[in-house]
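Reading through the structure tokens given below for one structure.
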Amino acid sequence: MSSTRLYTVSEAAAVSGLPLKAVNNSIDKGLVEIAPSPKTGRSKPRVLTGADLVSLRLEHGLAGKLPIERRLDLFRRMAARPKARHLSAGEFLMVDVAAARRDVTARIRTLGEAEAAIVADKTIMGGEPVFKGTRIPVYAIAAMLEAGASEIELLDGYPKLDSRLLRLARIWVAAHPRRGRPKRLEASGLTPTSVRHVVRKSVTASTHGSRADASPGR
């Protein structure tokens with residue numbers, strides 16, 4: 001894990017697995033502190049250190065399971081003991097901090113691979129980010145994955161891609177969310193190979209075990 005690189009909030013969300021809003025909430029609650037910019041010495045825009053990403057990765061698993069006071073105490077002790085392998089988070093809970101560090105290191109490495117595999121060149125599709133050596137837009141592929149397209153379908157439709165590139169697309173897009181309204185797939189030069197209509201249902205179980213289905217429009 002790089003000890004000098006600073007990460008944007010979006011990159012922190014991609015590496016930690018937390019939603020972007022949850023990362024900002026963690027900063028607002030003081031669970032992690034934003035680092036000062038090396039150029040201005042100020043704390044805006046929000047940037048985080050690699051150690052902060054470890055805290056956020058643990059927050060991903062501990063939120064809702066451990067009171068915020070205990071999480072704050074844990075993260076403060078992590079900062080004071082950066083090489084500690086295990087830290088207590090309560091009378092009956094020991095946190096494997098070393099495992100979280102390894103996980104974050106691996107995810108940072110994956111993000112680095114994604115940065116190397118994806119390019120944005122004004123001479124290629126007007127600067128739309130694409131997989132290196134192709135004209136396949138990364139945002140469009142990630143959107144199809146999010147919409148439910150299977151890996152097999154995408155690899156069959158785009159033989160220049162492979163499973164690794166699909167994984168890299170997910171973390172890259174999480175680290176670089178598109179601003180504004182998302183483009184339609186056709187606007188990116190892609191056409192869906194199939195369309196699925198999925199009806200989502202929410203199920204509420206009563207104390208007697210009965211169920212109530214809620215339609216999407218309700």
Notebook entry, point to check: In this structure, is GLU146 under 28 Å from GLY61 (Cβ atoms), without any contact (Cβ under 8 Å) to a residue 60 or more places away in the chain and out of contact with any Cys (no Cβ under 9 Å at 6 or more places or on another chain)?
Noted result: yes
Note to self: With the requirement that a residue be more than 17 Å from ALA99 (Cβ to Cβ) and surrounded by fewer than 13 Cβ atoms within 10 Å (Cβ to Cβ), what does the stretch 64-78 give you?
What the structure shows: GLY64, PRO67, GLU69
Next item on the list: Please find, among ALA89, ALA80, ALA98, the residue that is in the same structural domain as ALA22 (by TED's automatic domain parsing) and modelled with pLDDT of 95 or more.
Entry: ALA98
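Go through the stretch 101-150 and count every residue that is small (Gly, Ala, Ser), more than 30 Å from PHE75 (Cα to Cα) and in a helix (DSSP H, G or I). Spell out the reasoning first.
First pass over the stretch 101-150, keeping only residues small (Gly, Ala, Ser): 106, 112, 114, 116-117, 120, 126-127, 133, 140, 142-143, 147-150.
Cutting the leftovers down to more than 30 Å from PHE75 (Cα to Cα) gives us 116-117, 120, 126-127, 133, 140, 142-143, 147-150.
Narrowing the set further to residues that are in a helix (DSSP H, G or I) leaves 116-117, 126-127, 140, 142-143.
Total satisfying the criteria: 7.
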Check: How about the stretch 10-90: which helices (runs of 4 or more DSSP H) wholly inside it have at least 3 residues that are small (Gly, Ala, Ser) and within 27 Å of ARG170 (Cβ to Cβ)?
Finding: 50-62
Notebook entry, point to check: Can you spot a residue in the stretch 163-172 that is assigned to a helix (DSSP H, G or I), over 26 Å from THR8 (Cβ atoms) and either in contact with a strand residue (DSSP E or B) (Cβ under 9 Å, 6 or more places away or on another chain) or not assigned by TED's automatic domain parsing to the domain that holds LYS21 (or both)?
Noted result: yes
Check: ARG70 passes all but one of (1) of a type outside the set (Phe, Trp, Tyr); (2) at pLDDT 95 or above; (3) out of contact with any Phe, Trp or Tyr (no Cβ under 6 Å at 6 or more places or on another chain); which number fails?
Finding: (2)
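The values are calculated or read from the model by the stated rules, or taken from the named source; none is laboratory data. Keep in mind that this is a model prediction, so the values were computed, not measured. With ideal geometry, Cβ positions are generated from the backbone for all residues, glycine too; neighbour counts draw on all protein chains shown.
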